[in-house]
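The values are calculated or read from the model by the stated rules, or taken from the named source; none is laboratory data. It should be emphasised that the depicted structure is a prediction, and the values quoted were computed from it without experimental measurement. In this analysis, Cβ positions are derived from the backbone assuming ideal geometry, glycine residues included, and neighbour counts consider all displayed protein chains.
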Amino acid sequence: MATDTSSIPNQRVVETLASRLRRRQVVGSHETALETVLVLRQVISKARFSNIDQLVEIIRSVGRKLVEAQPKEHTVGNTVRKVLHHIREEYHTASQGTAVVSTSSNTLSIARFVLQGQPRKQNVPQKGTLGESHGTLKENNPDDPDAFARTLKPVLMEAIQDVLDELETVYDNISKNAKDHIHSDEIILTIGKSSTVEAFLKAAAAYRKYTVIIADTAPSYSGHDMAQSLSSAGISTVLVPDSSIYALMSRINKVIIGAHAILANGGMFAITGSLLAATAARAHSTPVVVCAGQFKLTPQWNLYHEYGALDFADPSSVLGFEEGNLVDKVDVVNPYYDFVRPELIDAFITNDGDHPPSSVYRLIKEAYDDEDYEL
C-alpha cells in the first residue's frame, strides 16, 4: 500500500534532495549514499507511527521518491534498503527481549551487540524482560498512539548511525589490507579517478614501492586529477591515453579499478574505459581487482539490458558543434559508465573482506531483505 508523499515527515528535506539529485548537484556513489542517510535520519526523527509497518512504508515512500529523481544513482536505493534492514533487526531484537529499553543513554545497538556478545542471562531478568519489552513496544496503542514511536526511536537512531559510520569509514576499511594485494616493484593500471582506489593505492604506498599507470579517461580526463593526487603522495605515476591500454597490458601486473554499482550477478557499472581495460587484461591473463564499498551492492541482475541502464554525458565533448556537416549525419553518444561482465573480474575488495564475483549474490542476501528489492 503506497503512502501519500504529502504525509512524509520533513517533506521539504526530501524534496530538496530529490531536486539536487535530478539536477546533478549531488553526484557520485558515496556522496549520494551519505545524503540519503542524513535525510532518512531526519525523516525518522520526525515520523509519527504506531507500528513497524507504518514506519517501513514511510521510509520506502522516501526511497521511491529519491530513486525516481535519479534512477542511475543506485546507491540511493541501496542505502534505503540497508536502513530498512537495520531497522527490522533492531525491532526484532527489541521485541524479543534481547534489548531492553532503559532510561540510560547506553542503548544496545547492532554494532555493540556483535562486539560485546549477547547479554548474559543473569544480567537480564528473564521474567521482567519479555513483559517489559512487550509492554514497552506495544503497537497500535489507542491510549497513546505515539508510545511505540517514542520508545523505538532511540534504537532506530543508533541503527541509522551504524549505517552512517560504515559509510564514513568505508575507505579506511577497504584500504587496511592494501599491502597484501600490491607487492614491491609491481606495475598497476587504473582508470580515471576513484576515491576508493585512490585511498587504496595511497595506503599500499606506505609499505610498497610500485608504479601506477593511469589512463586519462577521455573525454572527462579524470585520470589527470588521479595522477596529480597519487604523484603528490610520492607514488611513481605515469599518465597514458586510453588508446595505449592494450599495448601496455603485457607489462601490467594488476588492474585495480573502482565501481559505480555492483550487480547481483557479479557484474558492475564502472567509469568509461573499464570495459576496455578489463577485456585487455583478460586477453593477457592479468588479474582485475575492483575496490568498492558494500553500499554499492545492487539487488538487480542486468537492469533490463546492460546498455540501456548506462548513464550518458554531454556528447559535445566528443564531437563539437563546430563540426556542423558531420553533426547532422551521425548520432554521438558519450556513455559515462561501462558495464563490465562478471567473467572479466577476478575479485572485489570491500569493507567486509575480499570476495569473488560468484559470491556477490550472497552478500546482497545478507545486506538487504528480500521484500525491499523493489521499493
request  = Starting from segment 322-335, take each residue that is at pLDDT 75 or above and in a loop (DSSP other than H, G, I, E, B) and list its partners that are surrounded by 10 or more Cβ atoms within 10 Å (Cβ to Cβ) and small (G, A, S), counting only C-beta distances under 6 angstrom and pairs at least six apart or across chains.
outcome  = N334/A313
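Does V360 count as touching a helix residue (DSSP H, G or I) at 6+ places or on another chain (Cβ under 6 Å) and aliphatic (A, V, I, L, M)?
Numbers: touching a helix residue (DSSP H, G or I) at 6+ places or on another chain (Cβ under 6 Å): no; aliphatic (A, V, I, L, M): yes.
For V360, the condition - touching a helix residue (DSSP H, G or I) at 6+ places or on another chain (Cβ under 6 Å) and aliphatic (A, V, I, L, M) - is not met.
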inquiry  = Given the condition part of a helix (DSSP H, G or I) and either assigned by TED's automatic domain parsing to the domain that holds A264 or more than 18 Å from the chain's Cα centre (by Cα) (or both), answer yes or no: does some residue in segment 21-28 qualify?
reply    = yes
